[in-house]
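> The following block contains the structure, expressed as structure tokens.
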Amino acid sequence: MVSSSGTEPRKVTIHDVARSAGVSRQTVSRALNDKDEIDGSTKQRVLDAARELGYRPSRFARGLVRQDTTTIGLVIPDLLNPFFTEVAAAALEAARARGWHVVVYDTADRAEEELGTLQVIGSQVDAVIGYFSCSEDELEQFTRGVPVVLIGREHHTPRFSSIRIDGEEGVHAAVAHLVAEGHTRVGMLDHGGRAEPSVRREWFATAAAAYGIDTDMVVGADQSADGGGAALKTLLTAHPDVTAVFTFNDIIAIGALREARRLGRSVPQDLAVIGFDGLKLGALVEPPLSSVALDTRKLGALAIEQVARLLTGGNPLGADDLVVRAELRLVGSA
């Protein structure tokens, strides 16, 4: 059915029924699934509200409510990237400890997939956690009444919460180390899929400028090892005197290590390489990858902890507690 304005009317959700009946989502789930532990008057109030609102749970929703548990939607841009896999694993571990159910969605780093995912899960879960590129208005549209915890992104909507990644000091330490090792021509392989420079590039530029290093030796890279290799080749073709490189993430850095070997440049003797993320995978390459490392377990655990507080009405963690700071870890590549 299409409304007179020509737009699709908003679908009634389980949260709408809960608000109308003055109960929790879990109570609505129990009533709709005829659970014994709910009293008769409450059950009837829920059923009346559902009927008046025209609520019909989807197959997806019915599958979840039978679990009779808290359900979290975890949205990840690329599960092929080990960083996001590590964050997802940490969130799943923290949720499992609480007996929660987690639905993981991979948006393939595409805006249309992201919005489609929100349309599917926004009304069917108790909270949403993840990485989003869409506007806060769009997030609000598809997650009305549901707690939202953003990872690696600031928020302005009061009911949203954010876990901030602070890598500025770690990136400064990386540049300082390279300068101390005698490097004066330091390039960067940035995220190549964005119109604006990344925050990590801004951190790098600030640190490089502090040491009088040219900040224009930057090439965008696709988010893959192949992308990192191609970007390094482009960088060294344009600036053959570069002797060190900082990368947007470890996957790009691993591709750069492989390409450096192919070009006959020894790492770290001819070319030092420092990544960002601190992936476990970095210890398995040769030489082991130096990185500005994040604690992925802390990222996942903080997200679940904040959701728990928001769902139970407890005091949410403050902004100062929702920060994961990156630290320089030096091993073989720099």
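> Just the number: Rg to Rh for segment 107-246, Cα atoms, Kirkwood Rh, two decimals.
On the way: Rg = 18.7 Å, Rh = 17.3 Å.
My calculation of the ratio gives 1.09.
> At 222 nm, what value in deg cm²/dmol follows for the chain if DSSP H runs of at least 4 each add -39500 (n - 2.57) and the sum is divided by all its residues, to the nearest 500? Please report the intermediate quantities before stating the final value.
Working: 12 runs with 140 residues, N = 334.
It comes out at -13000 deg cm²/dmol, rounded to the nearest 500.
> Still on this structure: Once the dipole of the chain is set up with Lys and Arg at +1 and Asp and Glu at -1 on Cβ about the Cα centre, which of L115, T247, G229 lies farthest towards its positive end?
Checking the options against the dipole of the chain, the answer is L115.
> Still on this model: Mind grabbing the base-10 log of I(q)/I(0) for segment 96-184 at q = 0.15, 0.17 Å⁻¹? Debye formula, identical points on the C-alpha positions, no solvent, two decimal places.
-0.65, -0.76
> Also: Could you please put S29, S133 in sequence from largest to smallest accessible area, using a 1.4 Å probe?
On the way: S29 0, S133 90 Å².
Ranked list, largest accessible area first: S133, S29.
> Measuring from centroid to centroid over Cα atoms, what is the spacing of segment 241-263 and segment 89-150 in Å?
Distance between centres, Cα-based: 33 Å.
> Protein chains only, probe 1.4 Å: how do E136, E113 rank by accessible area, largest first?
Values: E136 25, E113 75 Å².
Largest accessible area first, the list is E113, E136.
> How much of the calculated P(r) for segment 175-314 lies past 24 Å, in percent of all Cα pairs? Write down the numbers at each step before the final one.
Working: 3052 of 9730 pairs.
Tail fraction, whole percent: 31.
> Want the number for L79 to R309: 0.36 nm per residue separation, take away the alpha-carbon distance, what's left? Please list the in-between numbers first.
Details: separation 230, 0.36 × 230 = 82.80 nm, distance 2.71 nm.
Extending this stretch completely gives an extra 80.1 nm.
> Rounded to the nearest percent, how much of the accessible area of the chain (1.4 Å probe, protein heavy atoms only) is carbon and sulfur? If you can, show how the numbers build up before the last one.
On the way: 7740 of 15830 Å².
Solvent-exposed carbon and sulfur of the chain make up 49 percent of the total.
> Relative to the Cα centre, what is the charge dipole magnitude of segment 139-219, using +1 at the beta carbon of each Lys and Arg, -1 at the beta carbon of each Asp and Glu, and rounding to the nearest 20 debye? Don't skip to the end; give the middle numbers.
Numbers: 8 positive and 11 negative charges, 80 e Å.
Magnitude of the dipole: close to 380 debye.
> Sticking with this one: Tally Lys and Arg at +1 and Asp and Glu at -1 over the other residues with C-beta under 9 Å from the C-beta of D295: what net charge comes out?
Working: positive: R297, K298, R325; negative: E327.
Here the count lands on +2.
> Where in the chain are the helices, taken as whole DSSP H runs, whose Cα atoms extend 30 angstrom or more along the long axis and whose Kyte-Doolittle mean reaches at least -1.0? Please list the in-between numbers first.
Working: long enough: none.
Helices meeting the span and hydropathy rule in the chain: none at all.
> Turning to a different aspect of this structure: Rounded, prolate or oblate: which one fits segment 160-209, using the alpha carbon gyration tensor with axes a ≥ b ≥ c (rounded when a/c is under 1.5, else prolate when a/b beats b/c, else oblate)? Please report the intermediate quantities before stating the final value.
Numbers: a/c = 3.31, a/b = 1.58, b/c = 2.09.
Judged from the Cα gyration tensor, segment 160-209 comes out oblate (a/c at least 1.5, b/c at or above a/b).
> Keeping all protein chains in the complex and leaving out DNA, RNA and ligands, what accessible area do you get for S162 with a 1.4 Å probe, in Å² to the nearest 10?
Answer for S162: close to 10 Å² accessible.
> Run the quick spin-label model on A89 and S133: label points 7 Å from Cα toward the beta carbon, then report their separation in nm to one decimal.
2.6
> Counting only heavy atoms of the protein chains, get the accessible area per residue of the chain (1.4 Å probe) and round it to a whole Å² value. Write out the running numbers ahead of the final one.
Details: 15830 Å² over 334 residues.
Computed with neighbouring chains in place, this is 47 Å² per residue.
> Here's something else I'd like to know. Points 7 angstrom from Cα along the Cβ direction at R19 and L330: gap in nanometres?
5.5
> At a 1.4 Å probe radius, which order do L310, L299 fall into by accessible area, largest first? Show your work: numbers first, answer last.
Working: L310 55, L299 0 Å².
Descending accessible area places them as L310, L299.
> Compute, for the chain, the length of the dipole vector about the Cα centre, with Cβ point charges of +1 (Lys, Arg) and -1 (Asp, Glu) only. Units Debye, rounded to 20.
1020
> Another one. Set Lys and Arg Cβ to +1 and Asp and Glu Cβ to -1, take the dipole of the chain about its Cα centre, and tell me which of V75, F132, L328 lies farthest positive.
So the residue we want is V75.
> Hey, could you get me the Stokes-Einstein D for the chain, Kirkwood radius over alpha-carbon pairs, 25 °C and 0.890 mPa s, rounded to whole µm² s⁻¹? Can you show the working numbers first?
On the way: Rh = 21.9 Å.
Result for D is 112 µm²/s.
> Also, quick follow-up: Looking at segment 270-334 from every direction and averaging, what is the projected area of its Cα convex hull in nm²? Intermediate results must be reported in sequence, preceding the final value.
Working: hull surface 19.7 nm².
Quarter of the Cα hull surface area: 4.9 nm².
> Here's another thing I want to ask about it. With +1 on the Cβ of every Lys and Arg and -1 on the Cβ of every Asp and Glu, and nothing else charged, how large is the dipole of segment 74-183 about its Cα centre, in debye rounded to the nearest 20? Could you put the intermediate results ahead of the total?
On the way: 7 positive and 18 negative charges, 97 e Å.
The calculated dipole for segment 74-183 is roughly 460 debye.
The values are calculated or read from the model by the stated rules, or taken from the named source; none is laboratory data. Predicted model only: the values in this text are computed from it and were never measured. Methodologically, a virtual Cβ is constructed for each residue, glycine included, from the backbone with ideal geometry; neighbour enumeration extends over all protein chains shown. For accessibility, only protein heavy atoms count, side chains too; no ligands or nucleic acids. Shrake-Rupley method; radii C 1.70, N 1.55, O 1.52, S 1.80 Å.
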